[in-house]
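The values are calculated or read from the model by the stated rules, or taken from the named source; none is laboratory data. This is a predicted model, so every value here is computed, not measured. Cβ placement follows ideal geometry from the backbone for every residue including glycine, while neighbour counts extend to all protein chains displayed. Areas reflect the complete protein model, heavy atoms only, side chains present, ligands, DNA and RNA absent. Shrake-Rupley method; radii C 1.70, N 1.55, O 1.52, S 1.80 Å.
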Amino acid sequence: MTLRLYDTLSRAKRDFVPVNPERVTMYVCGPTVYNYAHIGNARPVVVFDALFRLLRHLYGPDHVVYAANVTDVDDKINLKAAQEGVPIGVITDRYLNAYHADMGQLGALRPTFEPRATQTMDAIIAMIGRLVRSNAAYAAEGHVLFNTQAYGDYGKLSGRTLDDMIAGARVDVAPYKQHPADFVLWKPSKPGEPVWESPFGPGRPGWHIECSAMIEQSLGLPIDIHGGGADLIFPHHENEMAQGMCADHAMGYANYWLHNGFLNMGDQKMAKSLGNVELVHDLIGRAPGEALRWALLASHYRQPLAWTEDVVTQARAALDNLYGALRRHKDIEPAGDGPSEAFLEALCDDLNTPRANAELFALARRLETGSPEEQARAKGELLAGGALMGFLQADPDAWFQGGADAALSARIDDLIARRVAARAAKDWASADAIRAELTALNVEVMDNPSGATWRLKESA
Ligand SMILES: [Zn+2]
């Protein structure tokens with residue numbers, strides 16, 4: 001089965017041909033760790049985790065190398081450290097741990113490598129040195145700048161020309177820039193900020209250079225896939241490619257550039273000033289991580305995603321539906337040896353997760369209504385497809401009872417059994433009283449032909 005991916009640079013969906021199928025490489029721009037991740041930050045993590053899983057399935061888990069950087073020195077980190085009066089490492093360790101915990105809840109596998117900027121300083125400084133020696137960069141007033149005129153393809157990824165960039169440049173372009181589009185590779189640290197020694201003077205790197213240095217160090221050029229949010233195409237990815245190509249005199253930087261669409265809060269941008277920033281950390285308290293993951297993958301990754309309460313409610317209902325089928329057919333032994341053809345075909349078509357999800361529903365219907373052989377096969381393919389994309393691995397009963405501890409579960413089970421008995425005896429008063437007690441415990445009871453099931457309602 002051929003994987004096809006939409007490449008931002010060639011603006012076309014192309015067959016995916018890795019440089020070396022024994023070592024497929026992917027790089028995705030990772031977090032700046034100064035705060036909890038919001039749901040917009042989580043979208044690329046989950047999208048590229050889905051692609052990572054698909055690549056592992058297609059090429060074998062030991063043949064895919066995925067690197068995502070951790071930006072652990074930056075103005076926002078410095079500011080937070082100064083406010084708390086602690087070294088930057090205290091801030092970055094705290095929020096990197098939180099990031100790992102939150103993304104783990106969303107079912108994201110850890111990348112093969114997670115290089116940190118502060119631990120890549122030698123490679124960053126060496127790369128800047130090579131750029132200066134080949135005249136692709138120049139020193140000016142304590143800074144080192146990339147010379148955009150040295151790279152003929154500058155602007156190709158984002159579809160801009162250097163002339164557009166002059167027109168678009170703000171009037172307050174730093175006087176030491178030879179061209180308004182030139183960007184910082186190295187800059188002096190302000191007093192009190194972290195500082196590293198370098199041949200260009202003491203200071204710290206600009207943001208863009210860390211990704212190029214990490215790609216070179218952990219993956220090697222050209223890489224197969226470079227991913228990130230669409231907001232990174234310009235200037236970040238444009239600059240990464242320019243640096244990487246010039247520093248290594250490379251034939252290519254990334255063979256496929258993939259960008260996920262924006263995540264908006266309903267029809268608004270997510271912004272602190274609008275008070276609508278949703279942290280993954282907070283969302284996880286209100287909905288299962290698996291439902292949030294489903295919500296992030298329910299629309300195609302290149303489309304904008306309007307995040308609302310409804311999107312989460314629908315995701316939960318979708319998983320209720322699939323887990324419900326699995327629970328009703330617990331005794332069926334799954335058959336088959338992997339995900340269905342249709343499921344893989346959908347994912348191989350530029351990671352079409354909405355179509356892949358629709359296939360999971362088709363399998364669930366077959367599990368409910370097919371012949372015994374069809375049921376066994378459908379169950380096997382449903383579980384295998386779910387496993388591939390990070391879904392449906394919980395015990396179905398646990399899914400419906402998520403959030404209750406053992407003592408509470410036992411008490412609820414007891415109340416439900418008593419209510420069933422009361423109803424059977426047509427003792428409506430007792431049944432109603434028990435129902436009220438369950439409501440007070442925030443339990444939602446779902447009656448169905450084979451009895452009653454329950455789950456805790458979302459806390460208001
Ligand atoms: Zn990057």
Of the listed peptides 114-124, 23-33, what is their order by residue-averaged count of other C-beta atoms within 10 Å, with the highest listed first?
-> 23-33, 114-124
Give me the orientation-averaged projected area of the Cα convex hull of the stretch 336-387, in nm², one decimal.
-> 3.1 nm²
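Over the stretch 327-460, consider all pairs of different Cα atoms and compute the Kirkwood hydrodynamic radius from their mean reciprocal separation; express it in Å, one decimal.
On the way: mean 1/r = 0.0586 Å⁻¹.
Evaluated on the stretch 327-460, it is 17.1 Å.
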Which FRET efficiency value, to the nearest 0.05, is calculated for Arg130 and Ala425 with the Förster distance at 60 angstrom and r the Cβ-Cβ distance?
-> 0.10
Filter the cross-link list Lys187/Lys272; Lys76/Lys190; Lys76/Lys272; Lys379/Lys457 down to pairs whose alpha-carbon distance in this structure exceeds 20 Å.
-> Lys187/Lys272; Lys379/Lys457
Ratio to report: Rg/Rh of the chain, with Cα atoms as the point set and Rh obtained by the Kirkwood method; give two decimals.
-> 1.05
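Considering only protein heavy atoms, with the full assembly of protein chains and a 1.4 angstrom probe, order Asp447, Asp248, Asp224 by accessible area, largest first. Before the final figure, lay out each step's value.
Numbers: Asp447 85, Asp248 50, Asp224 0 Å².
I get Asp447, Asp248, Asp224, largest accessible area first.
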So how strong a dipole does the stretch 257-317 carry about its Cα centre when Lys and Arg Cβ are +1 and Asp and Glu Cβ are -1, to the nearest 20 debye?
-> 160 debye
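What chymotrypsin sites (Phe, Trp or Tyr not before Pro) in the stretch 307-388 are in a loop by DSSP, with at most 10 other Cβ atoms within 10 Å of the Cβ? Kindly include the intermediate steps, with their values, before the conclusion.
Values: sites: Trp307, Tyr323, Phe343, Phe361; in loops: none.
Counting only loop positions with at most 10 other Cβ atoms within 10 Å, none of the chymotrypsin sites (Phe, Trp or Tyr not before Pro) in the stretch 307-388 qualifies.
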Inter-label distance, nm, simple model (7 Å from Cα along the C-beta direction), Ala101/Ala362 | 4.2 nm
Under a plain spin-label model, where a point goes 7 Å from the Cα along Cα-to-Cβ, how far apart in nm are Ala440 and Lys13?
-> 5.7 nm
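Per-residue counts of other Cβ atoms within 10 Å, averaged by peptide: what ranking do you get for 155-166, 37-48, highest first?
Details: 155-166: 15.6, 37-48: 23.3.
Ranking, from highest mean packing down: 37-48, 155-166.
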Here, the stretch 168-302 modelled as identical Cα point scatterers in vacuum has Debye log10 I(q)/I(0) at q = 0.14 Å⁻¹ of -0.96
For the stretch 258-385, take the alpha-carbon Rg, divide it by the Kirkwood Rh, and send me Rg/Rh.
-> 1.05
Could you point to the residue in Thr32, Val45, Thr8 farthest towards the positive end of the stretch 7-48's charge dipole, with +1 and -1 charges on the Cβ of Lys/Arg and Asp/Glu respectively?
-> Thr8
Surface accessible to a 1.4 Å probe, Asp349 within the full protein complex, Å² | 40 Å²
Among Gly336, Met241, Pro354 - extreme Cα towards positive end, dipole of the chain, charges at beta-carbon = Pro354
Per the Kirkwood treatment, what hydrodynamic radius in Å, one decimal, follows for the stretch 134-235 from the mean inverse distance over all distinct Cα pairs?
-> 15.3 Å
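What FRET efficiency comes out for the pair Ala306/Gln119, r = Cβ-Cβ distance, R0 = 45 Å, nearest 0.05?
0.75
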Once every Cα of the stretch 234-295 carries one equal point scatterer and solvent is ignored, give the base-10 log of I(q)/I(0) from the Debye formula at q = 0.12, 0.22 Å⁻¹, two decimals.
-> -0.57, -0.93
Can you pull the one-decimal nm distance between simple spin-label points at Arg286 and Glu373, each 7 Å off the Cα toward Cβ?
-> 4.9 nm
How big, on average over all directions, is the shadow cast by the Cα convex hull of the stretch 35-132, in nm²?
-> 8.1 nm²
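Would you mind computing Rg(Cα) / (2.2 N^0.38 Å) for the stretch 181-251, counting N as its residues? Write out the running numbers ahead of the final one.
Details: Rg = 13.5 Å, N = 71, 2.2 N^0.38 = 11.1 Å.
So the stretch 181-251 has a normalised radius of gyration of 1.22.
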Go through Val144, Ser430, Leu109 and say which Cα lies farthest out towards the positive end of the charge dipole of the chain; charges sit on Cβ, +1 for Lys and Arg, -1 for Asp and Glu.
-> Ser430
Run through all the Cα pairs of the stretch 80-172 and give the fraction in each 5 Å bin from 0, expressed as whole percent.
-> 2, 9, 11, 13, 13, 14, 15, 15, 7, 0
Additional length obtainable on full extension of the chain from Asp75 to Leu274, 0.36 nm per residue less Cα span = 69.4 nm
Here the residues of the stretch 383-401 lying in the modelled label zone of Glu333, meaning backbone nitrogen under 18 Å from a point 7 Å along Cα-to-Cβ, are 383-384
